[in-house]
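Heads up, the thing below is written out as structure tokens.
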Amino acid sequence: MSAPLLEVRDLHAWYGRAHILMGVDLTVGRGEVVALMGRNGAGKSTTLKGIMGLVDRRQGHVAFAGRDIAALPPHRIARLGVGYVPEERRIFTELTVRENLEVGRQDPRTQAPTWTPDRLYALFPNLAEMKDRRGGRMSGGEQQMLTLARTLMGNPALLLLDEPSEGLAPRIVQQMADAIRALKAEGLSVLVSEQNLAFAAAVADRAAVIEKGRIRWEGTMAALREDEAARKAYLAV
């Protein structure tokens, strides 16, 4: 078996004095979609931020494409080919869709899909209809699509996607699921933080379930759907 594209071992993370991650272990293979699942506050978003170096302090092993990135700042991790889509969206509200995409542009890289605005408009038809609309005049779902599209303009090999279905209309959720499946078909690796089991099952190959800053369960999405005890213990509200 080939080495995983992303390997996380014994990852700890802090916000100030608060110790949030207590030794997270997970991997993402090339061309694989992994769902990081858990309740609110379990550590999902912090895991993605910990990988990207966006926490106050982190400790542990984080390797991307065989390279240790645990001590690198976020901008250098991004330049290596790791794309991060935050839950908060954070688009440039005064810029148009077209201009937001240009902000994210990076040169093509080997072993990663190459994206252009036209290819992204084909992937997200909603964006194609509003190329000159300012980000602040878009709906929440449209902004989420734009955030993802802007990240893809960096031509990442690995995508960290935080809660893509949260608070979106069912129609937009379906479009996001279709987009993630299309990205996987392009060979992109995805680690997606998610609470929605149906959404995760529609896009992911495997699941890692986190609770109180530790991975408590790992397996295929099919196995998680069949494991009622694990779902009740770690996912039930």
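Nothing in this text is a laboratory measurement; each read-out follows from the coordinates by a stated rule. From a predicted model like this one, the values you see are computed outputs, not experimental measurements. Ideal geometry is used to build each Cβ from the backbone, glycine not excepted, and the neighbour counts take in all protein chains shown.
A few notes on this one:
- Taking 0.36 nm per residue of sequence separation and removing the Cα-Cα distance, the GLN111/ASP10 pair yields an extension gain of 33.6 nm.
- Looking at region 98-151, the GluC sites (Glu not before Pro) that sit in a DSSP loop and have at most 16 other Cβ atoms within 10 Å of their own Cβ are GLU129.
- Residue-by-residue Karplus 3J(HN,Hα) for region 144-153, coefficients 6.51, -1.76, 1.60, Hz, glycine and proline x: 5, 4, 5, 4, 5, 5, 4, 5, 5, 4
- Placing a pseudo-label 7 Å from each Cα along the Cα-to-Cβ vector at VAL103 and LYS212 gives an inter-label distance of 4.0 nm.
- Close amide H partners of ARG214, meaning residues 5 or more places away or on another chain with modelled amide H under 5 Å apart, are MET22.
- Pair-distance profile P(r), taking every C-alpha pair of region 6-234, with 5 angstrom steps and integer %: 1, 7, 15, 19, 20, 17, 12, 6, 2, 0
- Between ALA198 and LEU80, the modelled labels are 3.8 nm apart [label points 7 Å from Cα along Cα→Cβ].
- Relative contact order (%) - criterion: Cα under 8 Å, at least six apart; region: region 6-234: 29 percent
- When shorter helices are ignored and each DSSP H run of at least 4 residues is given -39500 (n - 2.57), the per-residue value for the chain at 222 nm works out to -9500 deg cm²/dmol.
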